[in-house]
Amino acid sequence: MAALAALSQIPHLNALNILQATLQHTSPSISTYITPLDDLLLDLASSSSPLAPGSVLEIQGRSGSGKSALAAFMGMTTLLPPTLPLSLTRTVLGSGASAPTRTVQLHTGGRGKSVVLLDCTDSFSLARMHRMILTHLERCLAAALAEDGDEDTPPGAQPKWTPRPSLGELARDAMRRLHVFRPRNTAQLAATLVALQGYHEQEMREEEIGLLVVDGIGQFWHQDKAALDSLAALTHIYVPCSSPCSSPPPLPLPPPPLQSVLTALAHIRSTLSPLIVLTTQGLYPLPSPSPSDPPGLFAQHLPPPYPSPFRPPPNKPNTPSAPPSPLKLTHHISLQPVLPTAFPPGTMLEEAVRDEPSRREIVGRQRAVGVLRTPGEDGTSYSVGRFEFGIGEGGLEVE
């Protein structure tokens, strides 16, 4: 009997659990290709918290802070392969002379995997993603040509290089691995996630999902809350009856709709092991921040069971404790846009007008500052560091 009792304490793992654990511990860390952020993640890897397959990253910030742009950039670098062989034909402008075709390796710095995007905010643009990939490929080609050199070009001549396949064709080929869904409520979001594994088996047999993005996971929270409040009010309605009949107890409420979403995400994490990115609104600044908290943090407005590992929301009086979240965050980024500082008191109109060009430049550059954090083993948080990036017409502008 003692032996049976001891055996019952051994955890049971199926093949999918073992595969997922193997991927998380043996796969190389995932690069975001944002040098300051990768440097922070590299430091973090030494403390056994790298960004790896199966990691769950939350990006939080106000509207316009760059959440969707950062997620789209991570999507682009997931779609593109690490390198692309290009055949180039050189034509010297003014002479019409052509050189023999040569092949160069375009170092695009990608992962060559598929991306699943659930666009809850209905703001994702396929045209913008195509433009982002095309701009990135143009920069990579310019870097490859500058590194490779061109000794055969006559002095003063301007060579024109024609790639085959074209950069536009390469961008469209990468976007074939992008799968976009647009749920309209939490039920559709949960149903899409539940059906994702079957969709992967039927429609993506030759593809590996490297990144799963839920852009605006809290988009439907207000309408869910209104529905639950209305249902809670109905549970207290009863038909009066004669004495000694007493009022029936309130009916139990269904679990929060977000519970199904988080459960489905946890299942996807354990079976397919993609990097999961969730974007949420930063509605309220962190109240009473501790001295160790960096500026620019937000309180988590989504209620349990949504994971809040840094500062869980307090339980309301006379309410049962919230069940643990089925999904755990491994990394968190808080974003703040870089804005001009406020004019100090007593600033004269002439001074404000004189300072206007530099302030317009700050706004036009559209830069954002991010704070990367990870949850500690003891339930506390620690700040890893800050990084900065720009947002332009072609997407993120990174080092």
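The values are calculated or read from the model by the stated rules, or taken from the named source; none is laboratory data. Keep in mind that this is a model prediction, so the values were computed, not measured. Note that each Cβ is placed from the backbone with ideal geometry, even for glycine, and that neighbours are counted across all protein chains shown. For the accessible areas, the whole protein counts, side chains as well, though only heavy atoms, and no ligand, DNA or RNA atoms are used. Shrake-Rupley method; radii C 1.70, N 1.55, O 1.52, S 1.80 Å.
Before moving on, here are some points about what is shown:
- For GLY216, the shell of other residues with beta-carbons less than 10 Å away shows a net charge of -2, using +1 for Lys and Arg and -1 for Asp and Glu.
- Taking N as its residue count, the alpha carbon Rg of segment 161-222 over 2.2 N^0.38 Å: 1.51
- Largest-first ordering by accessible area, 1.4 Å probe, given options ARG131, ARG367, ARG184, ARG111: ARG184, ARG131, ARG367, ARG111
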